[in-house]
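Student: Below are the structure tokens for one structure; questions will follow.
The values are calculated or read from the model by the stated rules, or taken from the named source; none is laboratory data. Quantities reported herein were computed from a predicted structural model and do not represent experimental measurements. Backbone-built Cβ (ideal geometry, glycine too); neighbour counts: all protein chains shown. Only protein heavy atoms, including side chains, enter the accessible area calculation; ligands, DNA and RNA are left aside. Shrake-Rupley method; radii C 1.70, N 1.55, O 1.52, S 1.80 Å.
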2 protein chains.
Amino acid sequence: MNDRELGCAGGQFMDRGRMNQNGVVQPLLTDLYQITMAYAYWKSDKTDDTAVFDLFFRNNPFHGEFTIFAGLEECLKFLDSFHYSQSDIEYLKQTLPEGIEHEFFEYLGNLTARDVTLYAIDEGTVAFPRVPIIKIEGPLIIVQLLETTLLTLVNYASLMATNAARYRMVAGKHVKLLEFGLRRAQGPDGGLSASKYSYTGGFDGTSNVLAGKLFNIPVKGTHAHAYITSFSSIGELKTRLIKHKQTGIMEDLLEHAIKHRGLLSHLLDVSTEESSEGELAAMVSYAIAFPDGFMALVDTSGLLNFSAVALALNDLGYHALGIRIDSGDLAYLSCLARETFEKVAERFKVPWFNKLTIVASNDINEDTILSLNEQGHKIDCFGIGTHLVTCQRQPALGCVYKLVEINGQPRIKLSQDVEKVTMPGNKNAYRLYSADGHALIDLLQKVSEPPPAVGQKVLCRHPFQESKRAYVIPSHVESLYKVYWKAGKICQQLPTLEQVREKVQISLKTLRNDHKRTLNPTPYKVAVSDNLYNFIHDLWLQNAPIGELS
Amino acid sequence: MNDRELGCAGGQFMDRGRMNQNGVVQPLLTDLYQITMAYAYWKSDKTDDTAVFDLFFRNNPFHGEFTIFAGLEECLKFLDSFHYSQSDIEYLKQTLPEGIEHEFFEYLGNLTARDVTLYAIDEGTVAFPRVPIIKIEGPLIIVQLLETTLLTLVNYASLMATNAARYRMVAGKHVKLLEFGLRRAQGPDGGLSASKYSYTGGFDGTSNVLAGKLFNIPVKGTHAHAYITSFSSIGELKTRLIKHKQTGIMEDLLEHAIKHRGLLSHLLDVSTEESSEGELAAMVSYAIAFPDGFMALVDTSGLLNFSAVALALNDLGYHALGIRIDSGDLAYLSCLARETFEKVAERFKVPWFNKLTIVASNDINEDTILSLNEQGHKIDCFGIGTHLVTCQRQPALGCVYKLVEINGQPRIKLSQDVEKVTMPGNKNAYRLYSADGHALIDLLQKVSEPPPAVGQKVLCRHPFQESKRAYVIPSHVESLYKVYWKAGKICQQLPTLEQVREKVQISLKTLRNDHKRTLNPTPYKVAVSDNLYNFIHDLWLQNAPIGELS
């Protein structure tokens, strides 16, 4: 059987789903080399070897100095369901080279994650380069087989949550943020993950209905421009009647709107001829459908029609919600809209008009919001799509998964590039806090060391620069890892999505502002204990070959 | 019920999958505003309105001048399965505002795409800005409801296929390209779509096992660095024996390797002390597992160990496959490796050593390949991950879905930005070819116009610039649209993924090289007929309000 034939063998599996029936990813969602390695380990009689792997990233995304860890729950569900189905085994038999012993496939077929122990930082916590966010121990073959899937589940989730948290920071607490990215997301599930993890990171809702259904996220939306263009004149309006909210009497909403339009035209100094009749018809019809949820897409001229319809609704006992602006100069238009609403509120004695929501949604990114903040704007809510879900500024978080210990022996990966040298051995991670509650430093130690103690001086060392050292006296010490999976079971009460979302904001609050600012943030320090420092450097010297210059 | 309560109502649906049992996306994978618009249309008595929407993009991605259209099959499967389940309807009842008539939910529950007609360009064809790749006709409400999902299915698929096709162009025909991006993809399904559509665009395989199984794509892979570091000495090698391929006698592979290592050390002028024993042990064990598929990850010093093990395999009747380089200067290292293999081939009289495969895989993008081509390299195969699957240079294709006709009446969307003005009406698209088989221009016409005829002069006009006109005498005229979905059925024999992949290369060949070059490619022309030009501009003038300067 040649490679080509091998590659083509999978057709019979085409109709099966990508996920199992619980929406959990399948163990075949991995790189082939994990399975070829599993075979080579098996063949080398390494089934009893045990290993420790660290899952970590080397750099924070988006030129920032923090990362939000997300995706843990999906990792745990993956461990819980980890099992190759008979159909998976059949596919692997056809895909791997001939001559592989059937005992290996039996071995694969019986594998579960029961002997694996997974330690992790809490989902929603701020995390930093080089501090493993997940540490996983267990049989070498199994923990190796988990690599790609865990990376896939953590990388995008954390990137997305971090991106969302950054948008939340620049937008401020009082502005609503909605995720509108489904159509530009990387595939259907990319869209769902984007909705879920932007909510985690601090967004208030999504336009994605399935995400709302599956993850219990508030869903929001108004109408598209097509709705406006589907009407070209008032004559097309088949229904104009709406029940007065209080009296229950049917009234002609269009008539009310036209009356107000005339008055508004003077007040706002906009000729009724400048605003389209089709638009008026569309807005009237939309208001009849959603009299208490009337939110309309408007351009500049649309303000006249919107205000007319909103006042008409007011006549009949309803309150409109607001407008969405999707083009043009958002700072100028939002100020114009607010000014218009204030004029109308005063002239028509409808104070709630002042409070109409202004949503903006045209190709917005972090820089747009910063620039709008600088210019001054009156936007209450941003709808953010493409740049949020594709993480335009950095479309991937580079999480890696590195072997640090095997059968109790440390392993170090050396590299010309010091940044790529791994921190060997089984480690614990602590976060040390100052008296005012701010996180000071993350400290990695060997598991054999006692944890740093409150009020005691701790020597914190840069992992690779000998002269960079500092004493820290923590007022509070947080042990970062919890055992999340052991003996075949999830062993923590998992937080709800809502709780993870709160955790993000709480965790961000522990960071000093200079670590969080957009421009040139201060790097947060990650250190190793003196003991671990010496351990790393001894091992490094033992393992580094002495080159010959020639 | 307030918004908050509405948003939280979905918890009971959590356990349901994201896709239906056939892996087809569900109709709730859409923006909420599609459903609120559906209700407003229904409430406005527009259930009998019919509409035509165009799905198109405005700019080619990656500073290029072409796009590969992909995702059509998934769109058709989506239409085929389009149906709101009872659980969807329940969720919508809880999510939409109170007071919506139960008749509307009944109407939604009975909706299918049976009355929709979908025209499209063939999947795998090169496509250009403004020429709709999909045109869809049918009941306004239904075609509006399809918008987001169709965009989601086409946007990333086409972006990915285009990206892959560009990598294929810069790499040349004779280099193999493998997609290695799963761990950095945007979620599990982002990874699967990336594998599928990079294969469409011209890649030769993927590391993603599930993609191999589901889509019948060749899967490839060797081992990770962890495999090497899992061995630290020869003593750890529990198995050294392998059957001689011809004689069937068990022999000690390590012994053979150590013998060759000594000889090679002189030939290659590398001291055996410079190369790690653990690495040798790892390679021997991997070679025992895959004697005919031995492909090893090496750094510079690894060449000695690799060559020793490959020669040992040769002694026993096996041929190694080659090496993967994942760090350092890829141009230099690949040349060094090839030179090494040539020396070994000559000295040890093993001519196939010349042909060992060199795979390179470290953070490669289009520019890296161009630069490697310039420097000169000996790489046979690139493994490409992050930059391929995240489409780093442009992480989203901006496909849009615009209403162009309603009840037989054209609709135009005006904008300050001429680029955003839509081309109204129901149109056909033709591609005109020169005598030498090259595509000359894409031409849009009103459906009422006769198609351009071979050998006849056709006036082609720039859609918005009055003075830009050209006569074209086509030697061949291709009608770009086929009816792919009508009367509730897929009405074309759908090509296999393999056939779509071939189509991409055939279609790209019809493009002149200057449209395809990396640096400053010539824009391919997209034109409208004189008739359509006048139609657009008359409609524009009718619809554009006359402003007042004040």
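Student: For the subset of the range A:407-437 comprising residues that are among the charged types (D, E, K, R) and in a loop (DSSP other than H, G, I, E, B), which member is nearest to B:Gly328 (Cα to Cα)? Lay out the reasoning, then the answer.
Tutor: Step one: filter the range A:407-437 for residues among the charged types (D, E, K, R), giving A:411, A:413, A:417, A:419-420, A:427, A:431, A:436.
Still in the running and in a loop (DSSP other than H, G, I, E, B): A:411, A:413, A:417, A:436.
Values: A:Arg411: 21, A:Lys413: 15, A:Asp417: 9, A:Asp436: 46 Å.
Among them, the one singled out is A:Asp417.
Student: Might you check whether a residue that is over 23 Å from the mean Cα position of the chain (by Cα), modelled with pLDDT under 95 and either assigned to a loop (DSSP other than H, G, I, E, B) or among the charged types (D, E, K, R) (or both) occurs anywhere in the range A:521-537?
Tutor: Within the range A:521-537, not a single residue is over 23 Å from the mean Cα position of the chain (by Cα), modelled with pLDDT under 95 and either assigned to a loop (DSSP other than H, G, I, E, B) or among the charged types (D, E, K, R) (or both).
Student: Yes or no: A:Lys176 outside the structural domain of A:Leu29 (by TED's automatic domain parsing), of a type outside the set (Val, Ile, Thr) and under 22 Å from A:Phe66 (Cα atoms)?
Tutor: So A:Lys176 fails the test.
Student: A follow-up question, please. Say whether the condition of being modelled with pLDDT under 95, in a loop (DSSP other than H, G, I, E, B) and buried (at least 17 other Cβ atoms within 10 Å of the Cβ) is met by at least one residue in the range A:368-380.
Tutor: no
Student: Please give the number of the condition B:Gln409 fails out of (1) more than 32 Å from the chain's Cα centre (by Cα); (2) in contact (Cβ under 8 Å) with a residue 60 or more places away in the chain; (3) within 15 Å of A:Ile228 (Cβ to Cβ).
Tutor: Unmet for B:Gln409, out of (1) more than 32 Å from the chain's Cα centre (by Cα); (2) in contact (Cβ under 8 Å) with a residue 60 or more places away in the chain; (3) within 15 Å of A:Ile228 (Cβ to Cβ): (2).
Student: I need the full set of residues from the range A:36-81 which are free of Cβ contacts under 8 Å to residues at least 12 places away in the same chain and not in a loop (DSSP other than H, G, I, E, B), in order please. Reasoning before the result, please.
Tutor: Taking the range A:36-81 first, the residues free of Cβ contacts under 8 Å to residues at least 12 places away in the same chain are A:40, A:44-45.
A:Ala40, the sole residue that qualifies.
Student: I'm told B:Ser275 meets every condition in (1) open to solvent by less than 10 Å² (accessible area, probe 1.4 Å); (2) within 38 Å of the chain's Cα centre (by Cα); (3) of a type outside the set (Asp, Glu); (4) more than 20 Å from B:Asn362 (Cβ to Cβ) except one. Can you identify the failing condition by its number?
Tutor: (2)
Student: Something else: List pairs: first residue in the range B:500-517 and open to solvent by 70 Å² or more (accessible area, probe 1.4 Å), second residue at pLDDT 95 or above anywhere in the structure, Cβ distance under 6 angstrom, at least six positions apart or on different chains.
Tutor: B:Arg512/B:His438
Student: May I pose another question? Filter the range B:438-491 down to residues that are crowded, with 19+ Cβ neighbours inside 10 Å and not in a strand (DSSP E or B), then give me how many there are.
Tutor: Qualifying residue count, the range B:438-491: 4.
Student: Can you tell me which condition B:Ile258 does not meet? The list is (1) in contact (Cβ under 8 Å) with a residue 40 or more places away in the chain; (2) within 14 Å of chain A (Cβ to nearest Cβ), and all the others hold.
Tutor: It fails just one condition, (2).
Student: Turning to a different aspect of this structure: Of all residues being of a type outside the set (A, V, I, L, M, F, W, C), open to solvent by 10 Å² or more (accessible area, probe 1.4 Å) and within 8 Å of another protein chain (Cβ to nearest Cβ) in the range B:173-187, which is nearest to B:Val219 (Cα to Cα)? Just the residue, please.
Tutor: Let us first name the residues in the range B:173-187 that are of a type outside the set (A, V, I, L, M, F, W, C), namely B:173-174, B:176, B:179, B:181, B:183-184, B:186-187.
If we keep only those that are open to solvent by 10 Å² or more (accessible area, probe 1.4 Å) too, we end up with B:173-174, B:176, B:183-184.
If we keep only those that are within 8 Å of another protein chain (Cβ to nearest Cβ) as well, we get B:183-184.
Numbers: B:Arg183: 15, B:Arg184: 18 Å.
Here the answer is B:Arg183.
Student: Let me ask you something else. On the basis of being crowded, with 24+ Cβ neighbours inside 10 Å and out of contact with any strand residue (DSSP E or B) (no Cβ under 7 Å at 6 or more places or on another chain), does A:Ala194 make the cut? Before the answer, list the steps.
Tutor: Working: crowded, with 24+ Cβ neighbours inside 10 Å: yes; out of contact with any strand residue (DSSP E or B) (no Cβ under 7 Å at 6 or more places or on another chain): no.
Considered against the rule, which asks whether it is crowded, with 24+ Cβ neighbours inside 10 Å and out of contact with any strand residue (DSSP E or B) (no Cβ under 7 Å at 6 or more places or on another chain), A:Ala194 comes out as no.
Student: Additional query: Among the residues of the range A:289-312, which ones are farther than 19 Å from A:Asn362 by Cβ and within 14 Å of chain B (Cβ to nearest Cβ)?
Tutor: First, pick out the residues of the range A:289-312 that are farther than 19 Å from A:Asn362 by Cβ: A:289-294, A:304-305, A:307-312.
Selection gives A:Ala289, A:Phe290, A:Pro291, A:Asp292, A:Gly293, A:Phe294, A:Leu304, A:Asn305, A:Val309.
Student: Let me ask something else. For residues that are part of a loop (DSSP other than H, G, I, E, B), buried (at least 24 other Cβ atoms within 10 Å of the Cβ) and more than 7 Å from chain A (Cβ to nearest Cβ), tally how many sit in the range B:211-246.
Tutor: Residues flagged as part of a loop (DSSP other than H, G, I, E, B), buried (at least 24 other Cβ atoms within 10 Å of the Cβ) and more than 7 Å from chain A (Cβ to nearest Cβ) within the range B:211-246 amount to 1.
Student: Here's something else I'd like to know. So A:Thr200 ticks every box in (1) open to solvent by less than 10 Å² (accessible area, probe 1.4 Å); (2) at the interface with chain B (Cβ under 8 Å from one of its Cβ atoms); (3) in a helix (DSSP H, G or I) but one. Which box is left unticked?
Tutor: With respect to (1) open to solvent by less than 10 Å² (accessible area, probe 1.4 Å); (2) at the interface with chain B (Cβ under 8 Å from one of its Cβ atoms); (3) in a helix (DSSP H, G or I), A:Thr200 is out only on (2).
Student: Checking the conditions here, which among B:Ala127, B:Ala164 is among the aliphatic types (A, V, I, L, M) and touching a Gly at 6+ places or on another chain (Cβ under 6 Å)? Outline the logic, then answer.
Tutor: Numbers: B:Ala127 fails: touching a Gly at 6+ places or on another chain (Cβ under 6 Å).
So the residue among B:Ala127, B:Ala164 that is among the aliphatic types (A, V, I, L, M) and touching a Gly at 6+ places or on another chain (Cβ under 6 Å) is B:Ala164.
Student: Looking at the range A:384-400, I want the residues that are touching a residue at least 12 places away in the same chain (Cβ under 8 Å) and under 21 Å from A:Lys420 (Cα atoms) and have a partner that is in a helix (DSSP H, G or I) and basic (Lys, Arg) with Cβ atoms under 7 Å, at least 6 apart or on another chain. Which pairs are those?
Tutor: A:Ala396/B:Arg184
Student: Quick one: which of B:Lys77, B:Lys43 is open to solvent by 10 Å² or more (accessible area, probe 1.4 Å), modelled with pLDDT of 95 or more, more than 24 Å from A:Gly205 (Cα to Cα) and facing chain A (nearest Cβ under 10 Å)? Explain how you work it out, then say what you get.
Tutor: Numbers: B:Lys77 fails: facing chain A (nearest Cβ under 10 Å).
Among B:Lys77, B:Lys43, only B:Lys43 is open to solvent by 10 Å² or more (accessible area, probe 1.4 Å), modelled with pLDDT of 95 or more, more than 24 Å from A:Gly205 (Cα to Cα) and facing chain A (nearest Cβ under 10 Å).
Student: Please enumerate the residues belonging to the range A:91-114 that are touching a residue at least 40 places away in the same chain (Cβ under 8 Å) and open to solvent by 70 Å² or more (accessible area, probe 1.4 Å).
Tutor: A:Glu98, A:Arg114
Student: Residue check, A:Tyr84 against (1) within 33 Å of the chain's Cα centre (by Cα); (2) over 30 Å from A:Val504 (Cβ atoms); (3) not in a loop (DSSP other than H, G, I, E, B), all met but one. Which one?
Tutor: Of the numbered conditions (1) within 33 Å of the chain's Cα centre (by Cα); (2) over 30 Å from A:Val504 (Cβ atoms); (3) not in a loop (DSSP other than H, G, I, E, B), the odd one out for A:Tyr84 is (3).
Student: Considering (1) assigned to a loop (DSSP other than H, G, I, E, B); (2) out of contact with any strand residue (DSSP E or B) (no Cβ under 9 Å at 6 or more places or on another chain); (3) modelled with pLDDT of 95 or more; (4) open to solvent by 60 Å² or more (accessible area, probe 1.4 Å), say which one A:Pro495 fails and leave the rest.
Tutor: Against the list (1) assigned to a loop (DSSP other than H, G, I, E, B); (2) out of contact with any strand residue (DSSP E or B) (no Cβ under 9 Å at 6 or more places or on another chain); (3) modelled with pLDDT of 95 or more; (4) open to solvent by 60 Å² or more (accessible area, probe 1.4 Å), A:Pro495 comes up short only on (4).
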